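The values are calculated or read from the model by the stated rules, or taken from the named source; none is laboratory data. Since the structure is predicted, the reported quantities are computational estimates derived from the model, not experimental observations. A quick note on method: Cβ atoms are made from the backbone with ideal geometry, for glycine too, and the neighbour counts reach across all protein chains shown. Quick note on the areas: whole protein, heavy atoms, side chains included, nothing else; ligands and nucleic acids left out. Shrake-Rupley method; radii C 1.70, N 1.55, O 1.52, S 1.80 Å.
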Amino acid sequence: HKLAVFASGTGSNFDAIAEQIEAGRLDGKIGLLVCDQPGAKVIDKATVRNIPVFAFQPKEFPAKAAFEQAILKELQEKHIDWIILAGYMRLVGPTLLAPFEGRIINIHPSLLPAFPGKDAIGQAIEAGVKVTGVTIHFVDEGMDTGAIIEQEAIRVKEEEDRASLQKRVQAIEHNLFPKTIQRLLMAVNREEIKS
Ligand code: GRF
């Protein structure tokens, strides 16, 4: 299976996935990194791993459909069959959803439907929840609203601050995301998920 990872920032999830592939624990190949923030650290992470990068500036395009069309062309040229959103800070529009719906997954640092959108960690701290966690879900036209695939919870420590909680949540992400992707790819191979 050929994966495209979409990311906008640091790329620690991108790295976690790439590492598992290189360790032979994920039967996929990252064929492309798509990034909407030229200069984002994730681009360097892809470059050092010789993974092709499609970096673009949304403002250079007349509309979302235009840049998604450009991305789609790259995905088709590279025979990508799964889109992995890993810190991609944009909604996916119909241009990409139509051909890929059911093959686009996202990771979010809360137990959805709690705390959708930006700064889920800060929302959890603000709300004073005792338990939070990570959700991996299929992407639909909404924000963090697609069918849930996997979740993992952690207890929030007394006096925990945003930085310490983010660190512990990301450690879960780096383990759960590659594992869940592998499970999905195996299910497809067993024809449990229609291609
Ligand atoms: C992750 O916490 C992910 O859940 C959220 O954005 C963050 C991306 O982090 N959507 P990184 O760029 O993978 O380090």
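Values as computed for the structure displayed
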quantity	calculated
Between 0 and 90°, nearest 10: helix 64-77 axis offset from the chain longest Cα axis	70 degrees
Cα gyration tensor shape of region 111-152, rounded if a/c is under 1.5, else prolate or oblate by comparing a/b with b/c	oblate
Percent carbon-and-sulfur accessible area, the chain, ignoring ligands, DNA and RNA, probe 1.4 Å	54 percent
DSSP-loop trypsin sites (Lys or Arg not before Pro) across region 1-35, with at most 11 other Cβ within 10 angstrom	Arg25
Degrees separating the helix 162-189 axis from the principal Cα axis of the chain, which is the longest one	50 degrees
On Cα atoms only, tilt of 12-22 relative to the major axis of the chain in degrees	60 degrees
Mean accessible surface per residue for region 119-195, computed with a 1.4 Å probe while every protein chain stays in place, in Å²	56 Å²
Rounded to 5, percent antiparallel among DSSP beta bridges of the chain	40 percent
Shape call, region 12-156: gyration tensor on alpha carbons, a/c limit 1.5	prolate
³J(HN,Hα), Karplus 6.51/-1.76/1.60, whole Hz, each residue of region 94-110, x for Gly, Pro	x, 4, 9, 5, 4, x, 10, 4, x, 10, 10, 10, 9, 10, 9, x, 7
